[in-house]
Structures are given as structure tokens and as C-alpha cells.
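*Asks:* Have a look at this one.
No value in this document is a laboratory result; all are computed from the given coordinates. All values reported here derive from a predicted model rather than from experimental measurement. Neighbour counts are summed over all protein chains in view; Cβ atoms, including those assigned to glycine, are modelled from backbone coordinates with ideal geometry.
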Amino acid sequence: MPVNLRGRHFLKLLDYTPAEIRYLLDLSREFKHKKLSGEPHRYLAGKNIVLLFEKTSTRTRCSFEVAGMDLGCGVTYLDPGSSQMGKKESIADTARVLGRMYDGIEYRGFAQDTVQALADYAGVPVWNGLTDQFHPTQMLADLLTIEEKLGHLKGVNFTYMGDARNNMGNSLMIACAKMGLNFTACAPKALFPEQWLIDEAKKIAAENGCTVRLTEDVQEGTTNADVIYTDIWVSMGEPDSVWEDRIKLLKPYQVNAKLMANAKPTAIFMHCLPSFHDTKTTVGADIAKKFGITEMEVTDEVFESGQSRVFEEAENRMHAIKAVIYATLSDEPLE
Ligand code: CP
Ligand code: NVA
């Protein structure tokens, strides 16, 4: 049956079948080709979308803005301080107002329940631009990047290093299980994903001929890896007071040259960004002063190496988000 995503929300990959994810990846590639070859694609002229951000962003905001504008949409951005949402107006009321003005709503914030509530009340597609629990548009960009670089998804050995129970660890585990990649979370036990999600991922992986593994052992977790992926050690919304503990817990899981050498020689390094790989940020400099470390989840050497695909990955956010907007808002399949 042909895939039709018109009118659907995009809240987490758990809601999507492998065939639907495949459709979005293929569509992302088509839009990338159109963008790079300069072929106009203003297929959604006349539509309007709104972007609600309760946390900061560079990639997600810019991707939604550029993707929306390339498709011909009007785009409104609401930053954390400039709407009534949450403070003077409930999520349900905000959703019912915005749903009458806009054709689609993007939300970045804290609870997954908030993006779910927007979806329940808006009457138009709602897209998750990151919550504490999931980051689904990042998943499409990451899968697209892996497929571009390694030529396939099925059977790829994917290792996630670090805070495995944050939005990225959770989402990557599900994304890999859905699309046939062998997922390893290499992390301290205290930072493993929640048990219900691990159980769910294992069930999905079994249906798709791949595996989900969790290990505290860096050697075991990285041997034979095709992809080494990491994320920052303290995520948006977490208090500064967790830094000290997190550094202690995660220092052994830092992606460095020795760790990369344990993966396949053809392995690529990925990161959703932003990344603390030097002290050229205020947070990076502050942490260096307080705790004496100048690189965190990844060393500058690996970040800047030929194995690193992080900027292609960042670019793919825009192509993938364009596919999501188009697939959920368009009346027509792409010619
Ligand atoms: N990867 C990602 O979502 O980046 P931003 O926080 O800059 O949007
Ligand atoms: N885990 C990170 C991801 C940023 C894209 C955070 O939530 O801050």
C-alpha cells in the first residue's frame, strides 16, 4: 500500500512503521537533490506554519524556517518568552488557537506530554522539534546521513556513547530497532534508558532482524562498530548542579582517538550537536575552569577528523524536516 502521511503528527518514531520511515528518508533525499540542484519546490505556497520554542536552538529552528520557506510556507517563530503558552494560557487553549490560524505546528520543549497535548487539541499536524524524551526529526537526519555514508542501514553496527537515557539515547535506540541497525548503548548503568523503552526496542528489533544491546564496557561496546555516536553530557533543562557527577560518570565514555581505533577502520563519528569538544564556548570555558577538562563527550581530534560527519548530519536536518512538513501537509504525492 502506498504510504500517505497527510494530516499525521510527528511526535516520536515509535508511532511510525519502518515503511513510513523509509518513505520519509526517500523524500528527504529527493528534497536534498532539488535543493542542491536549485530546482524550486514551493509546493506548499499559501500554507502557514508556526514554530514554538521553549528551549534554545540553532539547527532545528533554522531547519524548520528554511524548509518551510523553501516550500513556500509563511513561517512564524515564537521564542520562549514571547507567547502566552503555559504561563497565561493552557497548552490545550494555545493549540486550539494556533490550529485555527496555522496549517502545522512545531514544538520544542520539555515534557513529551506537552507535545502530545498540542497534537490532541490542535486539529493540524504537530511536529516534535525535541522534548526531554524524544528528538524524532534528528533521527531522520541521522539515518539519512548513515545511509549516505555507509550505503545501507540494515546490519549497521551503531554504538551510542554516553547519556543513553536522554532524548538522543532513547530516540536512537528506537530508530535503529525500526530500521534494522544493531544498536549498542555504551554507558554507565545509571544512564541506561528506562526499562520499558528497552523492552519495547528489543521487541521492535526482533521484528526487524537486528539487536539492542546495553553495556558498561567501552571495549566491548565499540568493537566492530560502523558508527560511533555521542551527545552532550548534560542536556537542556538539567540543572548546572549535575555537571560534577555527570563528568565523573561519563569521562570513561568520552569519544577519543583510542576509542575510534577500536571501531572498524571505516567507522564514522556522529553527534547531533551542539558539542563541547573545546573551550571555545562559555559553557566549555566555565567547565574547564571548574573541573579542569578542556574536552567533554568528544575530543577535538575526533570531532575535526576525517571520520567525523557532524556537519553533513546537521545539514540533513533541513532536508529531513522539509520531508516531514511536506508529507504531513501536502495534498499531492511528490512528482
Ligand atoms: N541537534 C539539534 O537539535 O540542534 P539545536 O539544538 O541547535 O536545534
Ligand atoms: N540531549 C541534548 C540534545 C540537543 C540536540 C539536549 O536535549 O540538550
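*Asks:* Please rank Thr230, Thr281, Thr60, Thr145, fewest neighbouring Cβ atoms within 10 Å first, as an exposure proxy.
*Replies:* Thr281, Thr145, Thr60, Thr230
*Asks:* What distance in nm lies between label points placed 7 Å from Cα along the C-beta direction at Thr294 and Arg22?
*Replies:* 4.9
*Asks:* Moving on to the next point. Which cross-chain or sequence-distant (5 or more) residues have an amide H under 5 Å from the amide H of Ser308, H modelled 1.01 Å from N in plane?
*Replies:* When sequence neighbours closer than 5 places are left aside, the close amide H contacts are Phe269.
*Asks:* Test of understanding: extend the Cα→C-beta vector of Ala111 to 7 Å, then name every residue of the range 1-30 with backbone N under 12 Å from that spot.
*Replies:* Once the point is set 7 Å along Cα→Cβ of Ala111, nothing inside the range 1-30 turns out to lie under 12 Å by backbone N.
*Asks:* Hey, another quick one. Tell me the Rg and the Dmax, in Å, that the Cα atoms of the chain produce.
*Replies:* 19.5, 58
*Asks:* Take the alpha carbon gyration tensor of the range 189-240, find the square roots of its eigenvalues, order them as a ≥ b ≥ c, and report rounded if a/c is under 1.5; if not, report prolate when a/b exceeds b/c, else oblate.
*Replies:* Note, shape of the range 189-240 comes out oblate.
*Asks:* Let me ask another. Report, to the nearest 10°, how far helix 282-291 tilts away from the longest principal axis of the Cα atoms in the chain, using its own Cα long axis and a range of 0 to 90°.
*Replies:* Result, in degrees: 30.
*Asks:* So for Lys290, Lys322, fewest C-beta neighbours within 10 Å to most, what's the order?
*Replies:* By the 10 Å Cβ count, ascending, the order reads Lys290, Lys322.
*Asks:* What does the range 98-202 give for Rg and for Dmax, in Å, if only its C-alpha atoms count?
*Replies:* Expressed in Å, the Cα Rg and Dmax of the range 98-202 come to 15.4, 46.
*Asks:* Could you tell me how many degrees, from 0 to 90 and to the nearest 10, lie between the Cα long axis of helix 59-70 and the main elongation axis, the longest principal axis, of the Cα atoms of the chain?
*Replies:* Between the helix axis and the principal axis of the chain, the angle is about 30 degrees.
*Asks:* Stokes-Einstein D for the range 142-246 at 10 °C, 1.306 mPa s, Kirkwood Rh over Cα pairs, in µm²/s?
*Replies:* This corresponds to a translational diffusion coefficient of 114 µm²/s.
*Asks:* At 0.36 nm per residue, minus the direct Cα-Cα distance, what do Arg42 and Lys202 gain on full extension? Give it in nm, one decimal, please.
*Replies:* Here the segment from Arg42 to Lys202 would lengthen by 53.5 nm.
*Asks:* A further question follows. Give, in whole angstrom and from largest to smallest, the semi-axes √(5λ) of the equivalent ellipsoid of the range 24-108, with λ running over the eigenvalues of the Cα gyration tensor. Let's see the in-between values first.
*Replies:* Details: eigenvalues 151, 40, 20 Å².
The answer is 27, 14, 10 Å, longest axis first.
*Asks:* Name the residues whose placed amide hydrogens come within less than 5 Å of the amide hydrogen of His9, ignoring near sequence neighbours (fewer than 5 apart) on the same chain.
*Replies:* Distant-sequence amide H within range of His9: Val126.
*Asks:* Something else about it: Determine the distance separating the Cα centre of the range 15-49 from the Cα centre of the range 138-182; give it in Å without decimals.
*Replies:* 20
*Asks:* Another question about this same structure. Along its principal axes, what span do the Cα atoms of the range 180-335 show, with the longest given first and each in whole Å?
*Replies:* 55, 34, 33
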